[in-house]
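Coordinate-derived values only; no laboratory data. Since the structure is predicted, the reported quantities are computational estimates derived from the model, not experimental observations. Neighbour counts run over all protein chains shown; Cβ positions are idealised from the backbone, glycine included.
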């Protein structure tokens, strides 16, 4: 197996492991550091190695916290509380005092004897670590996705974009006549040196995907039951769900569904985040031209893959 193919497979496995929540963040970060090293990117490899070290501490705390909270729940005898509370000898204040002591002891991940520590400190640290874990996870996913697409289609990112741009530019207007204007707008804004134009290109990608969903799977106020057996909103704003439903209905390939559905979730959530940040008055939602190009590439790749279902 050549180095390029091995790197592509590793990137693909990292994406699948994140989507299925199969591996600890520590192991994912180590794998991504190895992936960067295979691509001779020493700086990125060191960054993900550092993430791996940090993730070990984060996950140790989160796991300890979760186990202790589980023990706390098991230690509360609900039957006893119910029986006592309905007896004449029930002392509410005494029960509350004992319960508070139990929480102070059990909530601390440093052990069962740390009764002096304020539980709020652990709660605050838990929330900080949860957010940090999510941030690292997103960074790993984005890096692995970039590598996967680069290696899957071409050694040259612009080559990938040109291939898919030709497919989308030629085929999309036949089913969405109004898409031509948006496609031209994206191209024009990417050629600009103005940061605001780069953001506009990304916003247009979001609108293009919304129109694409409207065409393929029109909105409805009645939720649908997905393959997971759960109801999913398919209203006007739920364009990601509607595109997923279309893919579920028009392909029998589980692998295609797995990759494509995870991609639209990832792309859509980030496009929505950029859009919401802009609505709140942030003028630096897209910091670089490279960032804008990535969103455009992801959008073209997804639309091109879905268009292949109609062939």
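With a Förster radius of 22 Å, plug the Cβ-Cβ distance of residue 194 and residue 166 into 1/(1 + (r/R0)^6) and report the FRET value to the nearest 0.05. Efficiency for this residue pair is about 0.25. Between residue 230 and residue 60, the FRET efficiency estimated from the beta carbon spacing at R0 = 30 angstrom works out to 0.40.
What is the calculated FRET efficiency for residue 222 to residue 46, with r their C-beta to C-beta distance and R₀ = 41 Å, to the nearest 0.05? So, using R0 = 41 Å, E works out to roughly 0.20. Residue order for 305, 228, fewest other beta carbons within 10 angstrom first, comes to 228, 305. Ordering 46, 8, 230 by the number of other Cβ atoms within 10 Å of each residue's own Cβ, fewest first, gives 230, 46, 8. This ranking places 240, 167 by how few other beta-carbon atoms lie within 10 Å of each, fewest first, which gives 167, 240.
Across segment 33-58, the residues whose backbone nitrogen lies under 17 Å from the label position 7 Å along the beta-carbon direction of residue 139 are 33-37, 41-58.
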